[in-house]
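Here the structure comes first, spelled out in structure tokens, and everything after it is commentary.
The values are calculated or read from the model by the stated rules, or taken from the named source; none is laboratory data. As the structure is a prediction and not an experimental result, all values here were calculated from the model. Here Cβ is always computed from backbone atoms with ideal geometry, including for glycine, and neighbour counts include all displayed protein chains.
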Amino acid sequence: MPGDGRGGRPAEPDPVLMAAAAMVFVDAPASPILTQGDAHHLLEVLRLRTGELVVACDGAGSWAPCRVSAASGGHRAERVDLATVLEVEGGVTTQPRPGPPITVAFAPTKGDRPEWVTQKLTELGVDRIVPIRANRSVVRWEGERGARSVDRLRRVAREAAAQCRRTWLPEVIGVTPLPELASLSGGPPRLAQPGGGPPSLAHPVVAVGPEGGWDEGELARFGTGVGLGATVLRAETAAVVVGSILCGLRSGVIGSLA
């Protein structure tokens, strides 16, 4: 069970998930049918052999332990029936979604840093990842470019979730203007800002601004900010720090900062 954010015992990882050679996402864990890409990854990149343990998961908390079948072990992906690559071994387990849901929003920066942020937030356990448009944003994902960029973040999140054995896929939202974030996340965001109060599960929606920071109107509209220490952090670092603290509070890895 998840921790309560008050310094309780941290959640224990499931030994089957940890022992698996890989995780793949499928529509129905009880009868897994792989994509061609996942079959290629298991059989030709990881070179898994007959009998190796793989977890099939639906990304919504349900998963089943499987073994690489004798029919596919050692074969090239394009030569196998995608419905027979894995043989289910045991029943389907369903894990509840941890609560409260944690949202980290960030203004995209240049280069591949948004992908890095998404990867790390997924590994940490953040539930909703939202690229936002702020008044001082330099990088603006709009139109086709914005759609392609968000699709790329979703692929990164899916790969990261499989790598870290996460059974609930995070929701990666399309580019959202900062004022609309509250309607998406179920509550008003707190803005990461030097001098703000400590992160808290009482306010599990935090937005990290662009490299130029928030303007006066944004700060006035959303009130008390969230402080992340005495140093000036890069935008991508701040997003991962706030995700780490909130997920650590929720899981019981760290005690309450309130």
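Annotations
- Residue 22 vs. criteria modelled with pLDDT of 95 or more and more than 17 Å from residue 159 (Cβ to Cβ): no
- For the stretch 31-59, the tally of residues that are surrounded by 13 or more Cβ atoms within 10 Å (Cβ to Cβ) and in contact with a Gly (Cβ under 9 Å, 6 or more places away or on another chain) stands at 5.
Here is a yes/no grid of residues against (1) at pLDDT 95 or above; (2) under 16 Å from residue 81 (Cβ atoms):
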| residue | (1), (2) |
| --- | --- |
| 11 | no, no |
| 37 | no, yes |
| 42 | no, yes |
| 59 | yes, no |
| 64 | yes, no |
| 67 | yes, yes |
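- Within the stretch 102-134, the set of residues being part of a loop (DSSP other than H, G, I, E, B), crowded, with 18+ Cβ neighbours inside 10 Å and not hydroxyl-bearing (Ser, Thr, Tyr) comprises 102, 107, 108, 125, 126, 127, 134.
- Selection status of residue 136, of a type outside the set (Asp, Glu) and either free of Cβ contacts under 8 Å to residues at least 40 places away in the same chain or closer than 19 Å to residue 159 by Cα (or both): no
- Selected residue (criterion: surrounded by the most Cβ atoms within 10 Å (Cβ to Cβ)) from residues of the stretch 68-101 that are of a type outside the set (S, T, N, Q), without any contact (Cβ under 8 Å) to a residue 40 or more places away in the chain and part of a strand (DSSP E or B): 68
- Top-ranked residue of the stretch 147-203 - restricted to ones that are among the basic types (Lys, Arg) and farther than 22 Å from residue 13 by Cα, ranked as surrounded by the most Cβ atoms within 10 Å (Cβ to Cβ): 190
- Members of the stretch 201-233 found to be in contact (Cβ under 8 Å) with a residue 40 or more places away in the chain and within 21 Å of the chain's Cα centre (by Cα), listed by number: 201, 202, 204, 205, 206, 207, 208, 209, 210
- Residue 201, sole failed condition from (1) touching a Ser or Thr at 6+ places or on another chain (Cβ under 7 Å); (2) within 20 Å of residue 168 (Cβ to Cβ); (3) at pLDDT 90 or above: (1)
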